[in-house]
Amino acid sequence: MTFTGGGLAKKKSNLENFLECTTPIVTSQFLPKTSMQSLNRLWHPWEGDTVEYFTLGDLWGCYDEWSAYGTGVPIALRGEETVIQYYVPYLSAIQIYTSSRVLTNFGNIREDRDACDFEVKEFSDSCSDESESDKQWRWDGSSTEECGLEQENLWRLSDRLGHLYFQYFERATPYGRVPLMDKIIDLARRFPGLRSLKSVDLSPASWMAVAWYPIYHIPTGRTVKDLSACFLTYHTLSSSFQEMGPEGKMNGTESKRTDRKGISLPPFGLATYKLQGSVWTSGNGSGDQETLLSLLSAADSWLKQLRVQHHDFNYFTGIRHW
């Protein structure tokens, strides 16, 4: 796989191939002008004739086949040999913030006390084995005792961050998880907004993390230790990051448009596990090491800004263990 710049073709690195092959490209729609006036101007301050958006249901559709069969990533090994490594996506974490107007449509607007008691454990059987100390941590990163003091300040930020509609943090070991699409189908039974919400309904604080685990490679018959690496990609979900102008950048995140295919949601952050050897950071002037460090720093910064304790991120970076 190659790309062309300035008339010169350059071979993509394995890391670049992975990021490209695991980036969802979502079917886009255009918001009618009559509906544009209802947009939150704090989230969408840019004027334009049209607003492009996608539905969460269409986003999950990108992961349907990947969840069933894996997505193939071409990996160049030493000696010019190439294998196709397949990765399966798993929902690692998600937080969806929206407006009170949208929440009212779902009957899920929460009062102060409910927001304090909103635990991830409620949505996952895998949380049943969490420790007592883990149970003290809520969505805002504060303990139960601190919740009352913090809540007033948090609600003052609701116009900017929005109201929390849904969140989920996976805590099961990799072997105890189900692929992303299966998890979404299960969660959407209780929270239909996971399918119907539009990206223009979501605040810039809405995000998800996807864990990618290797399953097999083609051709088979040989063991390649370096291909046991696992990845954690972070993606924003709000249209706010699609309307920043030609560069599409905001707070270290990036969104790209593809006129014919839809809206591309490349990861703004990345964490890795078992990333060893030179397969993923080989030369070719790709700057892979710098890319890895930059994406890791962006993920860490994002979690700190939202005061989130993300279990998989902590595990991937060696902070905590299952």
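The values are calculated or read from the model by the stated rules, or taken from the named source; none is laboratory data. Note that this is a predicted model, so its numbers are computed, not measured. So basically every Cβ, Gly included, is an ideal-geometry build from the backbone, and we count neighbours across all protein chains shown. For accessibility, only protein heavy atoms count, side chains too; no ligands or nucleic acids. Shrake-Rupley method; radii C 1.70, N 1.55, O 1.52, S 1.80 Å.
If the chain between GLU20 and ASN314 were fully stretched, how many nm would it gain, using 0.36 nm times the residue separation less the Cα-Cα distance? Intermediate results must be reported in sequence, preceding the final value.
Values: separation 294, 0.36 × 294 = 105.84 nm, distance 2.47 nm.
Roughly 103.4 nm would be gained on extension.
Taking 22 Å as R0, compute the FRET efficiency from the Cβ-Cβ separation of SER294 and ILE84 and round it to 0.05. Display every interim value, and only then the final one.
Details: r = 27 Å, r/R0 = 1.22.
So, using R0 = 22 Å, E works out to roughly 0.25.
Using a Förster distance of 35 Å, how high is the FRET efficiency between ASP182 and SER278, based on the Cβ-Cβ distance and rounded to 0.05?
Working: r = 35 Å, r/R0 = 1.00.
E between ASP182 and SER278, to the nearest 0.05, is 0.50.
How much length would be gained if the chain were fully extended between LYS261 and TYR216, taking 0.36 nm per residue of separation minus their Cα-Cα distance, in nm to one decimal? Mind dumping the intermediate values first?
Values: separation 45, 0.36 × 45 = 16.20 nm, distance 2.84 nm.
Difference between extended and current length: 13.4 nm.
Holding the Cα-Cα limit at 31 Å, pick out from LYS183/LYS304; LYS183/LYS261; LYS12/LYS274; LYS11/LYS183; LYS183/LYS274; LYS11/LYS304 the pairs that are longer than that. Working shown, then result.
Working: LYS183/LYS304 26 Å; LYS183/LYS261 26 Å; LYS12/LYS274 22 Å; LYS11/LYS183 36 Å; LYS183/LYS274 25 Å; LYS11/LYS304 35 Å.
From the list (LYS183/LYS304; LYS183/LYS261; LYS12/LYS274; LYS11/LYS183; LYS183/LYS274; LYS11/LYS304), the Cα-Cα distance tops 31 Å for LYS11/LYS183; LYS11/LYS304.
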Legend entry - Inter-probe distance in nm under a simple model that places probes 7 Å from Cα toward Cβ, at ASP64 and SER301: 3.7
Inset, instruction - Just read off the accessible area of SER196 with the full protein assembly in place, 1.4 Å probe, to the nearest 10 Å². - result: 60
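To the nearest 0.05, how large is the calculated FRET efficiency for SER228 and THR173 if R₀ is 25 Å and r is the Cβ-Cβ distance?
Values: r = 16 Å, r/R0 = 0.62.
Using R0 = 25 Å, I get an efficiency of 0.95.
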